[in-house]
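Notes follow once the structure below has been shown.
Every read-out reported here was derived from the displayed coordinates using simple, explicitly stated rules and does not represent laboratory data. Note that the structure is predicted; figures quoted are calculated from it, not measured. All Cβ positions, even for glycine, are placed from backbone atoms using ideal geometry, and neighbour counts span all protein chains on display.
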Amino acid sequence: MPDLKSILSATKPLTLAGAPAGFLPWMLADIARAGGTAVFISPDEAAMRAVASTAPFFAPELKVLSYPAWDCLPYDRASPTLRVMSERLATLHALQSKSDKPLLIVTTVNAATQRTLTPFRIRQLVARLAPGERIGLDKLAALLQANGYVRLDTVNDHGEFAVRGGLVDLFPSGAEQALRLDFFGDEIESVRTFDPNDQRTTGRVDGFTLLPASEALLDEDSIKRFRARYREKFGANATSDPLYQAISDGRRLAGM
């Protein structure tokens with residue numbers, strides 16, 4: 001097997017065979033540390049998670065971004081979980097800016113071959129919210145639902161939000177903690193963190209970045225494109241399909 005110097009100075013693709021699984025995190029950490037960025041495409045999610053959790057042991061300064069595949073089958077009547085969608089979108093957003101640390105991106109074959117939002121679309125959808133920002137409760141709720149957030153009575157996981165009087169509980173994509181927005185009229189008065197297990201506030205933050213919670217967006221333009229292409233593909237009689245009707249109404253259906 002070539003040494004690290006030979007790998008980094010190679011002018012054509014190299015095939016490294018026979019490397020023990022336990023050696024991969026060490027090798028990838030060294031490549032990322034020496035080259036600035038490394039991408040590891042694993043055969044499955046278990047191998048991806050193993051590298052992601054082990055590589056920082058060999059290079060504590062390393063920044064690791066995980067990009068998993070959807071955890072559902074094609075054409076299945078089950079949607080990807082909100083946690084997986086959140087992790088994917090947080091990684092795509094993080095790749096928009098240059099990292100000041102060595103970067104290791106770990107993904108799988110399925111994830112790398114899957115279509116997703118363009119970098120421009122992600123930048124277009126990202127919003128920054130902070131105390132003093134003026135946005136009505138109804139407008140915020142509509143924005144969250146259009147960006148894939150699910151409205152529930154109680155927030156427990158990524159991609160969920162709840163409206164209770166002048167409070168909005170929200171667990172943004174890529175965030176480590178759930179957030180509670182306190183409104184005074186149409187103005188955000190404060191942003192606090194809270195524990196979803198007991199719903200108690202745990203601190204305050206100056207603001208946060210709001211990422212979309214789904215790669216299947218239901219904004220006006222997306223719905224219009226879907227309707228036109230669906231009729232083109234399946235004919236005018238297909239408009240009675242539950243999926244067509246749900247998306248036309250801006251509602252999400254299992255399997256999206």
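Data overview
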read-out	value
FRET efficiency estimate (nearest 0.05) - Cβ-Cβ, Phe58 to Val150, R0 35 angstrom	0.35
At most 12 other Cβ within 10 Å, DSSP loop - trypsin sites (Lys or Arg not before Pro), the stretch 76-159	Arg77, Lys98, Arg115
In the stretch 169-245, trypsin sites (Lys or Arg not before Pro) in a DSSP loop with at most 14 other beta-carbon atoms within 10 Å	Arg200
Placed amide H near Thr108: partners under 5 Å, 5+ positions off or other chain	Ser42, Ala69
Nearest-0.05 FRET efficiency for Ile41 and Ala10, computed from C-beta distance (R0 22 Å)	0.80
Sum of -39500 (n - 2.57) over DSSP H runs of 4+, divided by residues of the chain (222 nm, nearest 500)	-10000 deg cm²/dmol
On Cα atoms only, tilt of 137-146 relative to the major axis of the chain in degrees	50 degrees
GNM top mover of Thr107, Thr15, Thr209 - the chain, alpha-carbon springs below 10 Å	Thr15
Fewest-first ranking of Glu232, Glu176, using other Cβ atoms within 10 Å as the exposure measure	Glu176, Glu232
Sequence-separation-based contact order of the stretch 106-193, relative, with Cα cut under 8 Å and 6+ spacing, percent	23 percent
DSSP beta bridges in the chain [antiparallel fraction, %, rounded to 5]	65 percent
Size of electric dipole in the chain: Cβ of Lys, Arg +1 and of Asp, Glu -1, about Cα centre, debye, nearest 20	760 debye
Alpha carbon centroid spacing (whole Å) that separates the stretch 60-84 from the stretch 198-256	18 Å
Contour excess over end-to-end distance, with Cα ends at Asp195 and Leu243 and 0.36 nm allotted per residue	13.7 nm
Fully extended contour minus Cα-Cα distance, from Lys101 to Ala216, at 0.36 nm per residue	38.3 nm
Assigned charges on the beta-carbon of Lys, Arg, Asp, Glu; the stretch 126-210 dipole about Cα centre (debye)	100 debye
Of Pro131, Ala112, Ala94, farthest towards positive along the dipole that unit charges on Lys, Arg, Asp, Glu beta carbons give the stretch 82-144	Ala112
Under the Karplus curve 6.51 cos²θ - 1.76 cosθ + 1.60, θ = phi - 60°, whole-Hz ³J(HN,Hα) for the stretch 113-118, x wherever Gly or Pro sits	9, 9, 6, 8, 5, 6
Choice from Gly165, Gly36, Gly136 showing the highest fluctuation, given a GNM over the chain with Cα pairs closer than 10 Å	Gly165
Fewest-first sequence of Tyr149, Tyr75 by Cβ atoms within 10 Å of each Cβ	Tyr75, Tyr149
Of Ser214, Ser79, Ser97, the one that fluctuates the most in a GNM where the chain has Cα springs shorter than 10 Å	Ser97
Virtual spin-label span in nm between Tyr75 and Ala236, 7 Å along Cα→Cβ	2.8 nm
